[in-house]
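The values are calculated or read from the model by the stated rules, or taken from the named source; none is laboratory data. Predicted model, so just to flag it, every value in this text is computed and none were measured. Positions of Cβ are backbone-derived with ideal geometry, glycine not excepted, and every protein chain shown enters the neighbour counts. Ligands, DNA and RNA are excluded from the accessible area calculation, which covers all protein heavy atoms including side chains. Shrake-Rupley method; radii C 1.70, N 1.55, O 1.52, S 1.80 Å.
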Amino acid sequence: MNSEELDILLAEDSQDDVDLALHTLRWEKLANNIFVARDGEEALDFLFCRGAFTHRSFEHPPKLVLLDLKLPKVNGMEVLKQVKSDPRTKVIPVVIMTSSKEERDLVASYHLGANSYIQKPVDFEQFGRRLRPSDCTGWSSISRR
């Protein structure tokens, strides 16, 4: 994989939300390579180069993680905690995408190191605006293609 290509890990179990994210990312020309993990365990395996992803290298981490909080197997908050507590992955920007209206989830996400928080459901235009690099903290190294 070319390290110049933009990689995004989308950790989402809802097909509708996956479709919206993929459509928006492509429409906004924000990604060349998008990897979809359907549960928290798969997302962690991808990020930490284990299981089915042992061929991956920490030298080419995704440039962004879009993370649902309500994931099967390992919930999104635990994924965020593990990502932000490991020196190999803590610099990867993480945008939380959740249907949770609980303020405690918002506070906990930022406390654990989330870079942005998007409440679902969102429409196409709103989602695209929120994902533009100028609107997300931590995207300074990401360029649009």
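Numbers below:
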quantity	calculated
The range 99-118 - residue that is of a type in the set (S, T, N, Q) and within 12 Å of Leu66 (Cβ to Cβ) and, of those, modelled with the lowest pLDDT	Ser116
Residue within the range 49-58 that is farther than 14 Å from Thr89 by Cβ, in contact (Cβ under 8 Å) with a residue 24 or more places away in the chain and of a type in the set (A, V, I, L, M) present	no
Residue among Arg50, Arg26 that is open to solvent by 60 Å² or more (accessible area, probe 1.4 Å) and either of a type in the set (A, V, I, L, M, F, W, C) or at pLDDT 95 or above (or both)	Arg50
Test: Ile96 is touching a Ser or Thr at 6+ places or on another chain (Cβ under 7 Å) and either surrounded by fewer than 21 Cβ atoms within 10 Å (Cβ to Cβ) or modelled with pLDDT of 90 or more (or both)	yes
